[in-house]
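Only one structure is covered here, and it is reproduced in the block below.
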Amino acid sequence: MTEKLTGAQVLIRSLEQAQAEVVFGIPGGAILPAYDPLMDSSKLRHILVRHEQAAGHAASGYAWASGRVGVCMATSGPGATNLVTPLADAHMDSIPVVAITGQVPSPAIGTDAFQEADIRGITFPITKHNYLVTDPHEIPRAVAEAFYIASTGRPGPVLVDISKDALQAETTWWWPTEIKLRGYRPHRSASDQAVADAVELILSAKKPVLYVGGGIIKASATNELLEMANLTGIPVVTTLMARGAVPDSHPSHLGMPGMHGTVAAVGALQQSDLLIALGARFDDRVTGKLSTFAPNAKVIHLDIDPAEIGKNRAADVALVGDAKQTISRLNAEFSKQLKNGRTIDQAAWWQSLNRLRDTYPLGYDDPHDGSLSPQYVIQRLGELAGPDAIYTAGVGQHQMWAAQFIKYERPNTWLNSGGLGTMGYAVPAAMGAKVAKPNNPVWAIDGDGCFQMTNQELATCTINEIPIKVAVINNNSLGMVRQWQTLFYNERYSQTDLHSHSFPDFVKLAEAYGAYGLRCDSAEQVDGTIEKAMAMDDAPVVIDFMVHQDAMVWPMVAAGTSNSDIKVARDMAPVWDRED
Amino acid sequence: MSVLVEDKPGVLARVAGLFARRGFNVESLAVGPTEIPEVSRMTIVVNLEDQPLAQVIQQLDKLIDVIAIEELSVQAGIERELILVKIQVKERDRTALKQSINPNICRVVDESDSMLTIEAAATPFEIKQLLSRLSEFGVAELVQSGVVAIGRGPAALNEKLRTGAEN
Ligand SMILES: Cc1ncc(C[n+]2csc(CCOP(=O)(O)OP(=O)(O)O)c2C)c(N)n1
């Protein structure tokens, strides 16, 4: 006789079958049936968060740090709508997340029932795919497909909404042995011709650049990329999503391009005659004003998602396929051509880039009044915590400084909200990353504004023994917005003063949550405070770094302007080569 | 464009939502069943002033429920539109009206003292011409379907589905 199970039991078994190990979530009416069998699961660890947004970001952080699918769970209505922000975030940054939500009983769907929200309809534009399941027999298929879709091709979030009656009804267990989705073809491969064309373009370029995006990290193609960089000697830039894809210590690495990129990286792209875009999507934060971006460059564009090709910038050679495979093929073809006697000479190109790199290194001025410099704090944190730590960030100035001044040597050690720019990402993402990698130190570098959006998860961390470390770069204000007001709104600081040097007291707040709270307001204390925090491993730690409020992120390309108009400091433009 | 989609709830909303949020302009859309169970076919006419067709197709193809897409130019496809139109017609104009319409594409499907209802199935161009002629008599009510289209020649779109070929 086949075993009778409830839909809820089938759901839990399906999650186990899909190799899920950790679920971040909060129960409520519609999902409650699932929480009962969850209690008996020895394979699933459920972490009870304090806000569903944190469940979603934690699932993302877990996914990013582990390379697995992150799972979050919420009830219908408000539980589900609280997942909207992290789902949109994961969608923009291509993070594999599966969200399970309870829905009101199927006869009540469409009646404005208590805690009803059409979460499938709401999340159409912000998920890779989604499901509404009202038949318990369909639960295994939906879960299996969700994990498959989330993790293959260009990864992304998938939501499975299950009506309460489907969770309660009896059904029998089954598990799909094969996924059949005739409209989904994630495995693509570039033609030999395209690979040969790409190598031909590379060999004939005088000013090529490897423009590396987050896709390289997702495709685990960093070794192949390193080989390519070594083989070709072509300069490399890594976008905000790709920091760590090539070690920052690599001699060909020019740093991050974009709005707050290095002059060398921005200048390299701008002056290039061949952009080799690898898992990058020509985001406006990288290109500046698109029509003036890299005006003399041909483009080789490698992406697993064919819709990225030609979306923002036309490609001369399109390579649609898995980055790991495709870069290997490029390397093989390139080596073959070298053996055939072909050469690539970039001496002049490197000379001009080295001049930019030497003349315009990243830097900052210490505040005149002797107060603490945020850049110094972040730089020291990177040096002391080192390349084995995992760093997450919120959104704002601290995020940009963390991208600039920490030296990343490995992939998947820099987790941030690149596409959506979600304040509040740092703490829950750090929590997820620490669950995935308990042996690595995990530092959330957060703003005082961002921290106040999700710091409730310190309770979750304390109670579940997830000892993350939080460096609050407390500049008393919504710093990045304030910077724009300084530069573009005549220093009229409308609604950006948070008074967070006074309230709340982050040290007391940390202690209230059972975490350690430390404060640091001078350069002399920085190392000692960080070292102290590094030694505290039995509970979360929060350091309140009281920093200067007027520090600004430089270089900067003002929004909507050309990358060629980058400023290295206020009203200070770099001098480009005369022949350029 | 002809688009084969899974006949599942919400598919029309997914497609329509994609067009709306990506700023693709839809001129007409027709949906109906096909020769294959559980597969519907959409014929979508897009205005490509702002967006290259390749981008529209690639974004559409990302929807999991979209199975196959075929681009049909006016030459490559056979297109039909259907209209039903009520003409308010005076007795003395009735014969003139009946004579002026092309019997190959039109027929009178309902007739009363003051009204003629005409049905026509033809290419969008022919329909446009017909409507401009009919407007001289006074159109009281018009209903027009979206364009449906099928490729010329022996190839069938469902072959893509069977072979699982890339489009
Ligand atoms: C949820 C959300 N709301 C608003 C914004 C707009 N925003 C971008 S940066 C920023 C300021 C962040 O302040 P803080 O966390 O203190 O970081 P800082 O820039 O000072 O380092 C704001 C409000 C955003 N990105 N996300």
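Any idea how many residues of segment A:306-337 are in contact (Cβ under 8 Å) with a residue 24 or more places away in the chain and in contact with a helix residue (DSSP H, G or I) (Cβ under 8 Å, 6 or more places away or on another chain)?
Count: 21.
Six or more apart or on different chains, Cβ under 7 Å: which pairs go from a residue in segment A:420-433 that's away from the ligand (no atom under 11 Å from the Cβ) to one that's open to solvent by 10 Å² or more (accessible area, probe 1.4 Å) and not in a helix (DSSP H, G or I)? Could you list them?
Pairs found: A:427/A:455.
With the checklist (1) open to solvent by less than 20 Å² (accessible area, probe 1.4 Å); (2) out of contact with any helix residue (DSSP H, G or I) (no Cβ under 9 Å at 6 or more places or on another chain) in hand, flag the one item residue A:123 doesn't pass.
Failed condition: (2).
Among the residues of segment A:158-203, write down those that are among the hydrophobic types (A, V, I, L, M, F, W, C) and part of a helix (DSSP H, G or I). Give the steps one after another, and end with the answer.
Filtering segment A:158-203 down to residues among the hydrophobic types (A, V, I, L, M, F, W, C) leaves A:158-160, A:162, A:166-167, A:169, A:173-175, A:179, A:181, A:190, A:194-196, A:198-199, A:201-203.
Scanning segment A:158-203 gives A:166, A:167, A:194, A:195, A:196, A:198, A:199, A:201, A:202, A:203.
Residue-wise test of (1) within 13 Å of chain A (Cβ to nearest Cβ); (2) at pLDDT 95 or above; (3) touching a Gly at 6+ places or on another chain (Cβ under 8 Å).
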site	(1), (2), (3)
B:47	no, no, no
B:53	yes, no, no
B:60	yes, yes, no
B:67	yes, yes, yes
B:76	no, no, yes
B:84	no, yes, no
B:91	no, no, no
B:95	no, no, no
B:111	no, no, no
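Please state which one of A:525, A:495 is open to solvent by 50 Å² or more (accessible area, probe 1.4 Å), among the polar types (S, T, N, Q) and either away from the ligand (no atom under 16 Å from the Cβ) or over 23 Å from residue A:259 (Cβ atoms) (or both).
On the way: A:495 fails: either away from the ligand (no atom under 16 Å from the Cβ) or over 23 Å from residue A:259 (Cβ atoms) (or both).
So the residue among A:525, A:495 that is open to solvent by 50 Å² or more (accessible area, probe 1.4 Å), among the polar types (S, T, N, Q) and either away from the ligand (no atom under 16 Å from the Cβ) or over 23 Å from residue A:259 (Cβ atoms) (or both) is A:525.
Does segment B:77-85 contain any residue that is hydrophobic (A, V, I, L, M, F, W, C) and open to solvent by less than 20 Å² (accessible area, probe 1.4 Å)?
yes
Mind listing whichever residues of segment A:113-139 are in a helix (DSSP H, G or I) and under 19 Å from residue A:29 (Cβ atoms)?
Of all residues in segment A:113-139, those in a helix (DSSP H, G or I) come to A:119-126, A:136-139.
Answer for segment A:113-139, where residues must be in a helix (DSSP H, G or I) and under 19 Å from residue A:29 (Cβ atoms): A:119, A:120, A:122, A:136, A:139.
Find all pairs meeting these conditions: Cβ atoms under 7 angstrom apart; at least six residues apart or on different chains; first residue within segment B:138-162 and assigned by TED's automatic domain parsing to the domain that holds residue B:120 and more than 28 Å from residue A:182 (Cβ to Cβ); second residue open to solvent by 70 Å² or more (accessible area, probe 1.4 Å) and assigned to a strand (DSSP E or B).
Taking only residues 6 or more apart or on different chains, the pairs are B:138/B:88; B:140/B:86; B:140/B:88; B:141/B:86; B:143/B:84.
Kindly indicate the residue of segment A:463-492 that is among the β-branched types (Val, Ile, Thr) and open to solvent by 40 Å² or more (accessible area, probe 1.4 Å) and also nearest to the ligand (Cβ to nearest atom) among those meeting that condition.
Going through segment A:463-492, the residues among the β-branched types (Val, Ile, Thr) turn out to be A:463, A:466, A:468, A:470, A:472-473, A:481, A:486.
With open to solvent by 40 Å² or more (accessible area, probe 1.4 Å) added as a condition, the list becomes A:463, A:481.
Details: A:463: 25, A:481: 5 Å.
The selected residue is A:481.
Return the residue satisfying two criteria in turn: it lies in segment A:153-187 and is touching a residue at least 60 places away in the same chain (Cβ under 8 Å), within 14 Å of chain B (Cβ to nearest Cβ) and surrounded by fewer than 17 Cβ atoms within 10 Å (Cβ to Cβ), and of such residues it is farthest from residue B:58 (Cα to Cα). Walk me through it before giving the result.
The initial filter retains those residues of segment A:153-187 that are touching a residue at least 60 places away in the same chain (Cβ under 8 Å), namely A:153-173, A:175, A:186-187.
Checking which are within 14 Å of chain B (Cβ to nearest Cβ) leaves us with A:153-161, A:163, A:186-187.
Okay, now just the ones that are also surrounded by fewer than 17 Cβ atoms within 10 Å (Cβ to Cβ), so A:186-187.
On the way: A:186: 13, A:187: 15 Å.
Filtering first and then ranking leaves A:187.
Could you grab the pairs with beta carbons closer than 6 Å, sequence gap of 6+ or different chains, first residue in segment A:437-459 and within 14 Å of chain B (Cβ to nearest Cβ) and on the phi > 0 side of the Ramachandran plot, second one more than 10 Å from the ligand (Cβ to nearest atom) and open to solvent by less than 20 Å² (accessible area, probe 1.4 Å)?
Short answer, once both residue conditions are applied: none.
Given A:198, A:146, A:150, which one is within 11 Å of chain B (Cβ to nearest Cβ), closer than 27 Å to residue A:308 by Cβ and buried (at least 23 other Cβ atoms within 10 Å of the Cβ)?
On the way: A:198 fails: within 11 Å of chain B (Cβ to nearest Cβ); A:150 fails: within 11 Å of chain B (Cβ to nearest Cβ).
None of the other options fit; the residue is A:146.
Go through A:393, A:323 for me and flag whichever is aliphatic (A, V, I, L, M) and away from the ligand (no atom under 16 Å from the Cβ).
Numbers: A:393 fails: away from the ligand (no atom under 16 Å from the Cβ).
On inspection, the qualifying residue turns out to be A:323.
Could you grab me the full set of residues in segment B:40-78 that are in contact with a Pro (Cβ under 8 Å, 6 or more places away or on another chain) and either basic (Lys, Arg) or in the same structural domain as residue B:133 (by TED's automatic domain parsing) (or both)?
Residue satisfying the conditions is B:41 alone.
What about residue A:15, is it touching a residue at least 60 places away in the same chain (Cβ under 8 Å) and over 27 Å from the mean Cα position of the chain (by Cα)? Write out each step before concluding.
On the way: touching a residue at least 60 places away in the same chain (Cβ under 8 Å): yes; over 27 Å from the mean Cα position of the chain (by Cα): no.
Here the answer is no, as residue A:15 does not meet what is asked.
Does residue A:138 count as within 14 Å of chain B (Cβ to nearest Cβ) and open to solvent by 10 Å² or more (accessible area, probe 1.4 Å)?
Working: within 14 Å of chain B (Cβ to nearest Cβ): yes; open to solvent by 10 Å² or more (accessible area, probe 1.4 Å): yes.
Criteria met by residue A:138.
Regarding residue A:212, is this residue out of contact with any strand residue (DSSP E or B) (no Cβ under 6 Å at 6 or more places or on another chain), away from chain B (no Cβ under 14 Å) and touching a residue at least 12 places away in the same chain (Cβ under 8 Å)?
On the way: out of contact with any strand residue (DSSP E or B) (no Cβ under 6 Å at 6 or more places or on another chain): no; away from chain B (no Cβ under 14 Å): yes; touching a residue at least 12 places away in the same chain (Cβ under 8 Å): yes.
No.
Test of understanding: among A:550, A:537, which residue is within 16 Å of the ligand (Cβ to nearest atom) and either within 14 Å of chain B (Cβ to nearest Cβ) or touching a residue at least 12 places away in the same chain (Cβ under 8 Å) (or both)? Full working, then the answer.
Working: A:537 fails: within 16 Å of the ligand (Cβ to nearest atom).
Just a single option satisfies the conditions, and that option is A:550.
The values are calculated or read from the model by the stated rules, or taken from the named source; none is laboratory data. All values reported here derive from a predicted model rather than from experimental measurement. Don't worry about glycine lacking a Cβ; one is built from the backbone with ideal geometry, like all the others, and counts go over all protein chains shown. For the accessible areas, the whole protein counts, side chains as well, though only heavy atoms, and no ligand, DNA or RNA atoms are used. Shrake-Rupley method; radii C 1.70, N 1.55, O 1.52, S 1.80 Å.
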